[in-house]
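Chemist: Have a look at this one.
The values are calculated or read from the model by the stated rules, or taken from the named source; none is laboratory data. From a predicted model like this one, the values you see are computed outputs, not experimental measurements. We place every Cβ from the backbone using ideal geometry, glycine too, and count neighbours over all the protein chains shown.
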Amino acid sequence: MQDPRASVVLARFPDELSALLLVADLESQGIKATVIGGLTAQLRAEAPGLVSVLVRAGDLAAAQQLIAENAPPEGWEDEAENAPPEESDQ
């Protein structure tokens, strides 16, 4: 049985900003999370790195549930592309 305090990878992202946004969401719900790999993900190399978000093993199920609840609906990209441009107040 895995130690519930051990760190496990919850998600991986191609950039640090996306990972940090997830960490902020998790921490707002009381789930401690951290980001690793931010520096290597920005390198331009043949084998680019990914940024990982880690949580405690005991928090993994709750973190996965949070991701599932906040996932955009399927097809949102098409909807966003076809939306009319927003008008500015200027």
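Chemist: Among the residues of segment 4-28, write down those that are over 14 Å from the mean Cα position of the chain (by Cα) and among the polar types (S, T, N, Q).
Modeler: Across segment 4-28, the qualifying residue is only SER7.
Chemist: For the chain, which fully contained helices (runs of 4 or more DSSP H) count at least 3 residues that are out of contact with any helix residue (DSSP H, G or I) (no Cβ under 6 Å at 6 or more places or on another chain) and at pLDDT 85 or above?
Modeler: 16-28, 60-70
Chemist: Taking segment 1-16, which residues are surrounded by fewer than 14 Cβ atoms within 10 Å (Cβ to Cβ) and over 16 Å from ILE67 (Cα atoms)?
Modeler: The answer is MET1, GLN2, ASP3, PRO4, ARG5, ALA6, PRO14, ASP15.
Chemist: Please identify the pairs in which a residue from segment 18-30 that is farther than 13 Å from ILE67 by Cβ has its Cβ atom under 7 Å from the Cβ atom of a residue that is β-branched (Val, Ile, Thr), counting only partners at least 6 apart or on another chain.
Modeler: That search, which allows pairs on different chains as well, returns LEU20/VAL35.
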